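The values are calculated or read from the model by the stated rules, or taken from the named source; none is laboratory data. Quantities reported herein were computed from a predicted structural model and do not represent experimental measurements. Glycine gets a Cβ as well: all are built from the backbone with ideal geometry, and neighbour counts include every protein chain shown. Heads up: the accessible areas ignore ligands, DNA and RNA and are worked out on the full protein's heavy atoms, side chains in. Shrake-Rupley method; radii C 1.70, N 1.55, O 1.52, S 1.80 Å.
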Amino acid sequence: GSLLAGVASVLKSTWPATKVIAVEPRSADLLSRSLMVGTRITDGGPAGEKAAEGVAVGQIGPEVFRICDALVDEVMLVDEREIAAAVRDVFLDTRAVLEPAGAVSVAGLKQYVARRPPAPSAPPPAFVAIAGDASNIEFSNIWSVNSLLERVAQAERTPAE
């Protein structure tokens, strides 16, 4: 939340037309729900172990909420499969291993681009995903990330019913 509020403040004061999009895991969508009702809500956090537990909080801070309410244009929600696919894609493209919380923004960017393809005659748009906490993965967690990636790969091979 604080990273989002700070980046949104700088972007909107420098380039007011810039669209600022927050991304949250569906299992930890506290900002989205708080903005929908217009006030900070309290939550116990996601139940059970989730891939991106590093971004789950019990309540958005008052100043962060005020700034996000004023400056964030949209909040996108991503699921665990999208987060795991983002971890995999970043690794395949760069050989960097993002922890799942750091890959949430990449998952959101992929979802955003897939849902809004640019017009063929338009110049290519510019996008930025900030991968906070991206290098903070604990070695012991690599196996759980790998397990999640294997489940995603299996789900991608299984046809939807």
- [ ] Please list 76, 36 in order of solvent-accessible area, largest first, computed with a 1.4 Å probe with all protein chains present.
- [x] 36, 76
TODO: Please turn the phi angles of region 13-29 into ³J(HN,Hα) values with the Karplus equation 6.51 cos²θ - 1.76 cosθ + 1.60 (θ = phi - 60°), one per residue in order, whole Hz, x for glycine and proline.
DONE: 7, 8, 10, x, 7, 5, 8, 9, 10, 8, 10, 10, x, 4, 7, 8, 9
- [ ] Mind checking region 83-135 for chymotrypsin sites (Phe, Trp or Tyr not before Pro) that DSSP puts in a loop (not H, G, I, E or B) and that have at most 14 other Cβ atoms within 10 Å?
- [x] 127
- [ ] List every residue whose amide H lies under 5 Å from the amide H of residue 23, counting only residues 5 or more places away in sequence or on a different chain, with H placed 1.01 Å from N in the peptide plane.
- [x] 76
